[in-house]
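First the structure, in the form of structure tokens, and then the observations on it.
The values are calculated or read from the model by the stated rules, or taken from the named source; none is laboratory data. Bear in mind that the values here come from a model prediction, so they are computed numbers and not experimental data. Cβ placement follows ideal geometry from the backbone for every residue including glycine, while neighbour counts extend to all protein chains displayed. With ligands, DNA and RNA removed, areas are computed over all heavy atoms of the protein, side chains included. Shrake-Rupley method; radii C 1.70, N 1.55, O 1.52, S 1.80 Å.
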Amino acid sequence: MLAASEQGLVQVVFHADEPTAAAALDRLGRRLSATSQAPARAHLAEAIRQVEAYFAGSLREFTLDLDWSLTTGFNRRVQRELAAGVPFGSVVGYQDLADRVGEPGAARAVGVAMGANPLPVVVPCHRVVESSGGIGGFGGGLEIKRRLLALEGVLPEPLF
């Protein structure tokens, strides 16, 4: 599920069956004030176009307006660095990302920031991996993380 505000894409939700989508929209409505529908629709249409192109393999970089209002502080700094500094087809370690935002020793906090990312795929938390070579976690599930990394050429495509 994709949701947009007047400022831009505000949320991406995995496994958005009807109850999950309804709960996400309810939480979103409580967190954000009502805004004009026209700009939100335009942002949403462009987000849909770009997400579809990404999954089709024809888009490597999202150029969407993002509404960062669902994240603050350290989490926002980490997510912005991830969006700007970890391109398609590459990965970064949790500790490396902590170092990039000037918080050495905050690798676990980076993991928390990834889990709180309201814009997965667009803000590519799937590109954050363990420095030991492990895949790490992912809110959408590890199989989805593997598939996203395979789509970007970081991992081989699953055999079956």
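Matching residues to (1) exposed (fewer than 13 other Cβ atoms within 10 Å of the Cβ); (2) within 30 Å of Gly89 (Cβ to Cβ); (3) at pLDDT 90 or above:
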| position | (1), (2), (3) |
| --- | --- |
| Val10 | no, yes, yes |
| Pro19 | yes, no, no |
| Leu32 | no, no, no |
| Thr35 | no, no, no |
| Ala45 | yes, yes, yes |
| Tyr54 | no, yes, yes |
| Trp68 | no, yes, yes |
Would you confirm, using the coordinates I've provided, whether Gln7 is more than 13 Å from the chain's Cα centre (by Cα) and closer than 29 Å to Ala106 by Cβ? yes
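Results for (1) touching a Leu at 6+ places or on another chain (Cβ under 8 Å); (2) open to solvent by 50 Å² or more (accessible area, probe 1.4 Å); (3) of a type in the set (Gly, Ala, Ser), shown as yes or no for each residue.
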{"residue": "Arg80", "(1), (2), (3)": "no, yes, no"}
{"residue": "Gly85", "(1), (2), (3)": "no, no, yes"}
{"residue": "Val101", "(1), (2), (3)": "no, no, no"}
{"residue": "Gly133", "(1), (2), (3)": "no, yes, yes"}
Checked segment 116-134 for anything in contact with a helix residue (DSSP H, G or I) (Cβ under 8 Å, 6 or more places away or on another chain) and under 19 Å from His15 (Cβ atoms); matches are Ala116, Asn117, Leu119, Pro120, Val121, Val122, Val123, Pro124, Cys125, His126
Could you tell me which of the residues Thr72, Thr63 is within 22 Å of Ala113 (Cβ to Cβ) and loosely packed, with under 14 Cβ neighbours inside 10 Å? Thr72
Would it be correct to say that Arg127 is basic (Lys, Arg), surrounded by 15 or more Cβ atoms within 10 Å (Cβ to Cβ) and closer than 15 Å to Lys145 by Cα? yes
What is the residue count in segment 107-125 for residues that are more than 25 Å from Leu25 (Cα to Cα) and either part of a loop (DSSP other than H, G, I, E, B) or among the basic types (Lys, Arg) (or both)? 1
